[in-house]
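Undergrad: Take this structure first; my questions come after.
The values are calculated or read from the model by the stated rules, or taken from the named source; none is laboratory data. Values in this document were obtained by computation on a predicted structure and should not be read as measured data. Note that each Cβ is placed from the backbone with ideal geometry, even for glycine, and that neighbours are counted across all protein chains shown.
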Amino acid sequence: MAVDYSILWVLISGVIVLLSAWYGFLEFLSRLIGAVTPTTTLFIFGTIFLIALNIHYSVRLSELSRRNKVLVQEMALLRHDLTESVRHKGEDSR
Amino acid sequence: MIESFKMRSAEVADERPDRVLVVIPAYNEEQQIEEVVASVAALPLRLDVLVVDDGSFDATAAMARAAGAAVLSHPVNMGYGAALQTGYKYAQRNDYDFVVQLDADGQHLPRYIPELIRELQARRADLVIGSRFSGVSGYRVPRLRRLGIHLFSTLVRLFTGQHIRDVTSGFQAANRKVVRLYASDYFPTDFPDADVLILMHRTGLLIKELPMEMKASVTGQSMHSGLSLIYYIVKMSLSIFITVITDVRILRRAFHDSDATNLRRDSVARSADPGLEPGPPETDGR
């Protein structure tokens, strides 16, 4: 997961460098989508990217909290079993 | 596994007394929990009491244990639905026949428990809900909350054709089938209410409502009030919508003839192949 996100951010920084170094490309993109100023292009793509990323995070978080719930429940059940078996052992040895 | 318990309930039921578990989810209820557990244990009925302590920071767990209940403790607070589900998982693993759930705040009167269980034993339903609105009443509900309950009652009627008046009641008794459903990934732990009822209906389980008296919550704090109630209504509506579009074929099959022990929601996607069997009607379960 960490590596996946590293790749994503390296790619994103690459795109940012590309757009700042090569203004012509930004102008070309703006003409392509019919934007009047290049800033609009930056904002549009930036926003789309951030929204997509947030949706992705929501999905990820939901799945993580589901797993977290399962683990907490399992832990409560196991801890109960453990206390019980320790208690039974104590009774047996007496 | 299903096969074995079918056999057991059919053939051995007469020799073996039904094992009953009373599940009480509790979060910081040290004031009430001892009395609630004691009054359940005092019933002239063979049953075990389980308190699921949902990460309380007061003495709830110790009090419950002192009163003679088995206690499961969540290391962190996970919410009512998750605590409830932990109780059902415990029941499933320890092979209980029936589970009764009631709230820790003392609003549900344990003396109705035998009546709830009788309904299950007579196989009149898979789930019996103790309802504060059907006839008998000893408890006034705030108007906004009542409105919310009415809304969901209407929605439940729309999707199940069954009139259940108190869809938010936390006083319920369930048989093995329901325990299995509640312990599975299908159970919406966010806040299980009307959505579960609709899911159960679509799965082909029978729900029955039993009128009873209830005490006003002694601590006085309702789970939903003001803005949080409105948010709850929105959330529950969405949850109902999801329930209605959930593919329940796996579940229906599991309850009828499969040997799957754990109902995994993930497996639905894999077996959603329409070629497997003629799908049931999408809107109505039965």
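Undergrad: Looking at the range B:134-157, can you tell me whether even one residue there is in contact with a Pro (Cβ under 6 Å, 6 or more places away or on another chain) and at negative phi?
TA: Within the range B:134-157, one or more residues are in contact with a Pro (Cβ under 6 Å, 6 or more places away or on another chain) and at negative phi.
Undergrad: Going through the range B:185-220 one residue at a time, which ones are small (Gly, Ala, Ser) and surrounded by fewer than 20 Cβ atoms within 10 Å (Cβ to Cβ)?
TA: Selection gives B:Gly204, B:Ala216, B:Ser217, B:Gly220.
Undergrad: Name the residues in the range B:84-95 that are at the interface with another protein chain (Cβ under 9 Å from one of its Cβ atoms) and under 14 Å from B:Ala26 (Cα atoms), would you?
TA: Within the range B:84-95, B:Gln85, B:Thr86 qualify.
Undergrad: Next up: Could you give every pair whose Cβ atoms fall below 7 Å, whose first residue belongs to the range B:145-166 and is under 22 Å from B:Leu205 (Cβ atoms), and whose second residue is exposed (fewer than 13 other Cβ atoms within 10 Å of the Cβ), counting only separations of at least 6 or pairs across chains?
TA: B:Arg157/B:His163
Undergrad: From the list B:Phe98, B:Phe57, exactly one residue is without any contact (Cβ under 8 Å) to a residue 60 or more places away in the chain, of a type in the set (Phe, Trp, Tyr) and more than 14 Å from every other protein chain (Cβ to nearest Cβ). Which is it?
TA: That would be B:Phe57, the only listed residue that is without any contact (Cβ under 8 Å) to a residue 60 or more places away in the chain, of a type in the set (Phe, Trp, Tyr) and more than 14 Å from every other protein chain (Cβ to nearest Cβ).
Undergrad: Would you please name the residue that is modelled with the lowest pLDDT, looking only at residues in the range B:1-53 that are of a type in the set (Lys, Arg) and surrounded by 14 or more Cβ atoms within 10 Å (Cβ to Cβ)? Talk me through it step by step, then tell me what you get.
TA: Taking the range B:1-53 and keeping what is of a type in the set (Lys, Arg), we get B:6, B:8, B:16, B:19, B:46.
Right, trim to surrounded by 14 or more Cβ atoms within 10 Å (Cβ to Cβ) and you get B:8, B:19.
Numbers: B:Arg8: 48, B:Arg19: 90.
Here the answer is B:Arg8.
Undergrad: What helices (runs of 4 or more DSSP H) completely inside the range B:226-276 contain at least 1 residues that are at pLDDT below 65 and within 21 Å of A:Arg67 (Cβ to Cβ)? First the steps, then the outcome.
TA: Numbers: elements: B:227-245, B:249-256, B:266-270.
In the range B:226-276, B:266-270 are the helices (runs of 4 or more DSSP H) which contain 1 or more residues that are at pLDDT below 65 and within 21 Å of A:Arg67 (Cβ to Cβ).
Undergrad: When A:Arg67 is evaluated against the numbered criteria (1) more than 10 Å from chain B (Cβ to nearest Cβ); (2) more than 30 Å from B:Asp190 (Cβ to Cβ), which criterion, by number, is the only one it fails?
TA: (2)
Undergrad: Exactly one of (1) buried (at least 16 other Cβ atoms within 10 Å of the Cβ); (2) away from chain A (no Cβ under 14 Å); (3) touching a helix residue (DSSP H, G or I) at 6+ places or on another chain (Cβ under 8 Å) is unmet by B:His108. Its number?
TA: (3)
Undergrad: Is it true that A:His80 is within 14 Å of chain B (Cβ to nearest Cβ), under 24 Å from B:Gln92 (Cβ atoms) and modelled with pLDDT of 90 or more?
TA: yes
Undergrad: Out of everything in the range B:60-73 that is at the interface with another protein chain (Cβ under 9 Å from one of its Cβ atoms) and under 14 Å from B:Leu21 (Cβ atoms), what residue ends up being surrounded by the fewest Cβ atoms within 10 Å (Cβ to Cβ)?
TA: B:Ala70
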